[in-house]
Amino acid sequence: MTPTLHIKQLLVCSLLGLVACSDQESDFGRPLEQRSHPVDLVLLEDGRPDPSVLAADQVVRRGNGEEPETLDPHHALGVPASHILRDLFEGLTAESPDGELIPGAALRWNISRDARTYTFYLRRDMTWSNGDPLNAEDFVYSLQRALDPATASSAARILLPIQNAREVLAGELPVEELGFSLLDEFTMQITLTGPTPYFLGLLASPVAYPVNRKNVEEFGDQFSKTGNLVSNGAYVLKEWKPRVSIELEKDPNFREAGQVLMERVFYIPSEDASTEVKQFRSGELDWTNEVPNNQFKWLQKHYPDELVTSPWMGSYFLGFNLTQEPFIDNPSLRMALTLAIDRQIITDKVTQFGEQPSFALVPPGIDGYVPFSPEYADWTQEERDHEALRLYEQAGYSDENPLRIEIRFNTSDNNKKIALAIASMWKQALGVNVTLVNEEFRVFLQNREQKVITQVFRAGWISDYNDPYSFLELFRTGHGRNDYGYSNPSFDALLDEVGTERVRARRERLMFEAERVLMSDHVIVPVFTYVTKRLVNPRLKGWQNNVMDHHPSRFMFMLKSRNPDIQGEQQ
Amino acid sequence: MSKPVLRVQDLAVTFSSYTGGLLNRHERQLRAVDGISFDLDPGETLGIVGESGSGKSTLARAILGLVKVSRGRVMWRGEELTGLDEEALRQKRKEIQIVFQDPVASLNPRMTAGDIIAEPLWTFYPNMERLQVEERTRGMMKMVGLLPNQINRYPHEFSGGQCQRIGIARSLVLNPKLLVCDEPVSALDVSIQAQIINLLKDLQKKLGLALIFIAHDLSVVRHISDRVMVMYMGQAMEVAEKASLYRRPLHPYTNALMKSVPVPDPKLAAAARQESWLKGDMPSPYQRPKGCIFHNRCPLRVKRCEADVPALRRLENGDWVACHRAEELDLSIQVPASG
Amino acid sequence: MRQEGLLRHATTRLLGLVPTLLILITIAFFLIRMAPGGPFDGEKVLPPEIRANLDANYHLDEPLLQQYFRYLGQIITGDFGPSFQYKDWTVNELIAQGFPVSATIGGLAMLLAFVLGTLIGTLAALRQNSAVDYSVMGVAMLGISIPNFVVAPLLILVVAVYAGWLPAGGWDWSWQRMVLPVITLALPVIAYIARLTRGSMIEVLHSNYIRTARAKGLPELLVIRRHALKPAILPVISYMGPATAALITGSVVIERIYSIPGLGSYFVQGALNRDYTLVMGVVVFYGVVIVVLNFIVDLLYAWLNPRIRYDVT
């Protein structure tokens, strides 16, 4: 122990004067400035980093947002749980650091001509973390478990494309009737109800991960707890301290254990983004889940090497309730409101995180899809405002007879700021009188769904899977989240075609056409597309930005620090 | 005549109070005790009488050093108390004790009678054995007329008179030489008053105490005092032997007090009130009258009283008075006072 | 006789707990059910088949009254049921994990606040209207008026980020991680207790029996300790009942800012997520804690004030 630390401890002790002071060496308090300069990365011929540039201690501490609701992959829906489960488990398919699909437990697969039957050839050298062999039967059991009504999993909806999934979930058919068949110990087939181009991507999500049958049957509800959980991924669960940390340890039984450099991973939950930033700054985190909106400018200035932003597969928009006045059968008015927003000002001055101004529904960068772009996207804002005013007056409104509407949003600082900005833009360009209404989240959702008192409301979507269809299907007639009351037979017909089309280019064109129809009907006011934003220790490498924001720890590694003194501190 | 145990010389106590806000703070001074002098012989009882606000209680506390003295001296057996530090003064508590006015409120409600009485022993004789302390406590209780088996009772279980007995026991437990009784009976029923006064008188005789007995009416003091001092607005108006004072008061104020003594007969009381000597209320202590401080209420005032301050002077018979007209007035009591 | 009175008092109070809790449970149960939305409503809508399975699994498909009686029957056995939100844990497990943390932080904060608060308050009272008094009470005023969501980030910034003396957040039962949250929690309470103590201490110091104690020749310190302190802290004691309950059941703000796994966020998270069992569990638990603490305060009060001992029946 160094003398300085001694004095600090004494000081702090006298500050409180209550608790006994322990002598234990703490691992916090390494100033970021000293930690943040990595040595240059040197790669070997096989593309792996040279061991001489690696830090002695391969540990990463990842801020992970809220406490995961479960570590049972078949129940997990939330983003925090999925980050952890991706490290613990491996599905038939997996994702590379850039988000591309790569073989997981299945070494390769065939897709039938009608795009409904997938044949998976599993690796033969796989074991569970307890050493038990892992084969295709485990996957069939697990997928059946996920869809079993007795499991009552909400995540099961992701597996609905599987044949008879709906009927099994409804209790009309037994799980044996699901579209799974076992060809041999390491070969299995999955049959779908219809072509689902993004199905391979779904198999990389937690609900499609295998669970160990003996493990589940032995421990029941308790199987995901510390000491019980058996998994098949690169890491095993070492300790789960609820709302404190989840510690993972590299699994020596993992098929590619030799390739995995990161030895230990800590997932630290946090309910407060500013706290995460402070923990990062004081050296307790290498990776934050997010950063608070209001700190962007400051972080950009002081932590330019650490601050990382990247497009995400989510859109922020406003929705119109098309079933009520004033928006029912009033496309001119809807278009006027869509035009009269200066999106550049919102992203530059309000949200400030490098979000992209948006004129369409689907964010760019999703599976190579190029979103529809309306004519007015290329206009100046002045031109848009001018046209907006013309449409507004055409709809029968004027300074003497202004439109009075409510913008409804779920309570959050960011939503409020954006709504305020939009309200003032509408006021300025058109003279609209806007009232802001904020509501608690579930109240807000219920009001949206009931379509009675809503007029303009905050909407948005973050995709479950890497496919534009995830955004488009929201607007299908009768979809559970179609809170707009939008119903256009030609749009629905296009989506039906998208559902059966096998050829990628043609399917993309159909989706583009559907998006065009939707945008021409002015159902939503696009505002911007989301970005992920976080602080990352510059010594942490092996990860890449991707639209899904999936970052498996098994590809990550920690570089040495440039400062040799600090290196010495890495026990 | 023996040497006095207590000499009070030109004692004054001034309280400051502040008016106005933070910036225009204005200090006002209240002379609660203003140049009092007297001697007290061993075993002697001095009665001090005055209306409320005359400064008699402050004088009592000043003698004990419970308030800060602004002028003058208190000499106890040749030693000046007024200059002593807190600790030395505290040691003098063994010799000088006080009994307070409100017997119930003056006892800590969370302590038993026994603990209240024994506490001075714990303080000054920390090494005294428990049994010895208890024995002494029981002895004191017996002495003041309490039942020793009430030792574990709390003050709220006693009557006012009994509480005052506890207060007296507590004050005497250290064997003081001087006991200052600050209106010890004014909060009690008349019938109880006599009991307490008699008790004090007995104890004084038995223990050879010097006693200062403060009251706001002359009849209470009469029974117990050897000499009486009459105070008005912090000053002594008259200091006289009991016999001569009650026979022939020298100061109009004494006379006024005498007249306001409660009379049992309602008819006489009405008559007494009708010819009440005291006009109006005591002036504000912040605006002391010029000349004789009593002149504005005095029915016998002359021109001189408004301008000249009468000094406290000794008359031929040895009594002291502060009145220009003491010799020319005859304030003899026609009706013998009762009691 | 005294013990008997106290015992009877205690029994009555404990029996009174039952109807109190029953009313609490009933109101809380129907209130949370009346709130719009349910535990499985989210931005992503569940297919009806899945929704039905979930409802059946959690008995949400039964009539509300039947659910209520099912819940009562369950709670009598001490079982709060499984959490809707944290699927791997029962509410009992969550409370068992959260409460020791909250109780430690809150208890230490209360202890600190009580010791410092009465000390500061007494000091100010002894030096009434002096510079010490004004400055101490001025700081106390600040302590009350600055909300802890301002104090906490400031403390973290100075002590953890710039000085690096203590961690910025997180939890592992080490003293280092307790210091800042305890201080943050305690600050306003210290200030409040100091003000309470000062006020009542000044009043007590002016009382006649304090004058008596001084006349007895007690050193001033003993006058304060033996005669003035007990009556002066009476108002503090009655304040401490509800205050301790509030502190040891966890503060959402503190838990969020310092990333502490206490009980406070469960209440808020439970309510926001419509995690019926979790909210109910925490509410019932709070109820018990508050009643028990008030009861303890009652006893303490009786101990400090002999006059009311005989009034208790």
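Remarks
- Förster radius 25 Å - calculated FRET efficiency between A:Val452 and A:Arg502 (Cβ-Cβ, nearest 0.05): 0.05
- In chain A, Cα pairs under 8 Å separated by at least six residues give a relative contact order of 21 percent.
- Dipole size of the protein assembly as shown about its Cα centre, with +1 on Lys/Arg Cβ and -1 on Asp/Glu Cβ: approximately 7840 debye, rounded to the nearest 20.
- Mean-position separation - Cα centroids, segment C:140-155 and segment C:194-231, in angstrom: 31 Å
- Probe 1.4 Å, protein heavy atoms only - accessible area per residue of segment A:58-116 in square angstrom: 31 Å²
- Chain C packed on chain A takes about 5600 Å² of accessible surface away from a 1.4 Å probe, both sides summed.
- Taking a ≥ b ≥ c as the square roots of the eigenvalues of the Cα gyration tensor, the protein assembly as shown is classed as prolate, since a/c reaches at least 1.5 and a/b is larger than b/c.
- Candidates C:Ala245, C:Ala113, C:Ala271, ranked by Gaussian network fluctuation over chain C, Cα under 10 Å, top entry: C:Ala271
- Shielding score for A:273-285, defined as the mean number of other chain Cβ atoms within 10 Å: 6
- Partner chain coverage, peptide B:118-124 - average Cβ within 10 angstrom: 4
- Helix B:113-124 and the longest principal axis of the C-alpha atoms of chain B enclose an angle of approximately 90°.
- For the peptide C:38-47, the mean number of other protein chain Cβ atoms found within 10 angstrom of a residue's Cβ is 6.
- Close amide H partners of B:Phe158, meaning residues 5 or more places away or on another chain with modelled amide H under 5 Å apart, do not exist here.
- Interchain or long-range residues, amide H under 5 Å from A:Leu559's placed H: A:Ala55, A:Leu540, A:Lys541
- A crude spin-label estimate for the pair C:Tyr162 and B:Arg153, with each label 7 Å from Cα along the Cβ direction, gives 6.5 nm.
- Loop-resident chymotrypsin sites (Phe, Trp or Tyr not before Pro) (DSSP state other than H, G, I, E or B) in segment C:74-106 with no more than 13 further Cβ atoms inside 10 Å of their Cβ are absent.
- 3J(HN,Hα) along segment A:155-162, derived from phi through the Karplus expression 6.51 cos²θ - 1.76 cosθ + 1.60 where θ = phi - 60°, amounts to 6, 4, 4, 5, 8, 4, x, 5 Hz, with x in place of Gly and Pro.
- Complex-versus-alone comparison for segment A:129-154, residues with a loss of 40 Å² or more in accessible area, probe 1.4 Å: A:Ala152, A:Ser154
- Pairwise centroid distance, computed over Cα atoms, of segment A:130-203 with segment B:147-203, Å: 95 Å
- Heavy-atom surface of chain B, accessible at 1.4 Å and reported per residue (Å²): 48 Å²
- Euclidean distance of C-alpha centroids, segment B:56-119 and segment A:63-94, integer Å: 77 Å
- Remark on segment C:129-163: accessible area falls by at least 50 square angstrom from chain-alone to full-complex state for C:Val161, probe 1.4 angstrom.
- Per-atom-type breakdown for chain C gives carbon and sulfur 69% of the accessible area (1.4 Å probe, protein chains only).
- Under-5 Å amide H pairs with A:Gln163, H placed in peptide plane, nonlocal only: A:Gly179, A:Thr191, A:Leu192, A:Thr193
- Per-residue 3J(HN,Hα) values for segment B:159-166, derived from phi via the Karplus relation 6.51 cos²θ - 1.76 cosθ + 1.60 with θ = phi - 60°, read 7, x, x, 5, 4, 5, 4, 4 Hz in sequence order (x marks Gly and Pro).
- Segment C:98-262 - accessible surface per residue (Å², probe 1.4 Å): 37 Å²
- Whether chain A is rounded, prolate or oblate, judged on the alpha carbon gyration tensor where a/c under 1.5 counts as rounded: oblate
- Annotation: extensible slack from A:Leu44 through A:Glu400 equals 120.8 nm (criterion: 0.36 nm per residue apart, minus Cα-Cα distance).
- Reduction of at least 30 Å² in accessible surface, 1.4 Å probe, comparing all protein chains with the chain by itself, residues of segment C:240-263: C:Arg256, C:Ile257, C:Ser259, C:Pro261
- In this assembly, the C-B interface accounts for approximately 2100 Å² of buried accessible surface in total, computed with a 1.4 Å probe and without ligands, DNA or RNA.
- Mean separation of Cα contacts under 8 Å (6+ apart) over length of chain B, as relative contact order %: 19 percent
- Sites listed here are trypsin sites (Lys or Arg not before Pro) in segment A:280-341 whose DSSP assignment is loop and whose Cβ has at most 10 other Cβ atoms within 10 Å, and the list is empty.
- Of all accessible heavy-atom area on segment A:98-181, the percent that carbon and sulfur account for (1.4 Å): 44 percent
- Global geometry of segment C:98-262, whether rounded, prolate or oblate, following the gyration tensor of its Cα atoms and the 1.5 cut on a/c: prolate
- Pair A:Ser96, A:Val370: separation of 7 Å Cα→Cβ label points (nm): 2.3 nm
- Per-peptide average of other Cβ atoms within 10 Å, ordering A:52-60, A:499-507, A:72-80 highest first: A:72-80, A:52-60, A:499-507
The values are calculated or read from the model by the stated rules, or taken from the named source; none is laboratory data. Given the structure is predicted, the values throughout are model-derived calculations rather than measurements. Quick reminder, even Gly has a Cβ in these numbers, built from the backbone with ideal geometry, and neighbours come from all protein chains shown. Each accessible area value is taken on the protein alone, full model and side chains, heavy atoms only, with ligands, DNA and RNA left out. Shrake-Rupley method; radii C 1.70, N 1.55, O 1.52, S 1.80 Å.
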